[in-house]
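Derivation of every value follows stated rules applied to the coordinates shown; laboratory data play no part. Everything quoted here is computed from the prediction, not taken from an experiment. A quick note on method: Cβ atoms are made from the backbone with ideal geometry, for glycine too, and the neighbour counts reach across all protein chains shown.
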């Protein structure tokens, strides 16, 4: 009896996998070169507002230490 349950489970898993692969195969793909060009353009358009490139002003940095540490 447990053999039937295992094989039925395997069949259900295989059917789900096949259905997922069919969905993925039916998706429209975009060429990598087009996607890369879009990504570069997006980054260049927003580089002025990127804190990793421009830095964060000390006055607006929420992580700045409030007090300095002094060792005696």
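Distance in nm between label sites at residue 71 and residue 9, each 7 Å beyond Cα in the beta-carbon direction?
Spacing of the two 7 Å Cα→Cβ label points: 6.0 nm.
Compute the acute angle (0 to 90°) between the alpha-carbon long axis of helix 2-25 and the principal axis of greatest extent of the alpha-carbon atoms of the chain; round to the nearest 10°.
Roughly 60 degrees, rounded to the nearest 10.
Relative to the first principal axis of the alpha-carbon coordinates of the chain, what is the inclination of helix 32-45, with its axis defined by its Cα atoms, in degrees from 0 to 90 and to the nearest 10?
For 32-45 against the chain, the angle is about 20 degrees.
With r defined as the distance between the Cβ atoms of residue 42 and residue 63 and R0 fixed at 30 Å, what FRET efficiency is calculated, to the nearest 0.05?
Here the calculated transfer efficiency is 0.65.
Can you put 56, 30 in order, fewest other beta carbons within 10 Å first?
Working: 56 12, 30 9.
The fewest-first ordering by Cβ neighbours comes to 30, 56.
Rounded to the nearest 500 deg cm²/dmol, what is the calculated helix-only ellipticity per residue at 222 nm for the chain, with -39500 (n - 2.57) per DSSP H run of length n ≥ 4?
Numbers: 3 runs with 42 residues, N = 72.
Only helices count here, giving -19000 deg cm²/dmol.
Report the equivalent ellipsoid semi-axes for segment 2-51 in whole Å, largest first, defined as the square roots of five times the eigenvalues of the gyration tensor built from alpha carbon atoms.
On the way: eigenvalues 413, 42, 7 Å².
One finds semi-axes of 45, 15, 6 Å for segment 2-51.
Among 19, 28, which comes first, then next, by fewest other beta-carbon atoms within 10 Å?
On the way: 19 10, 28 4.
Ascending number of Cβ neighbours within 10 Å: 28, 19.
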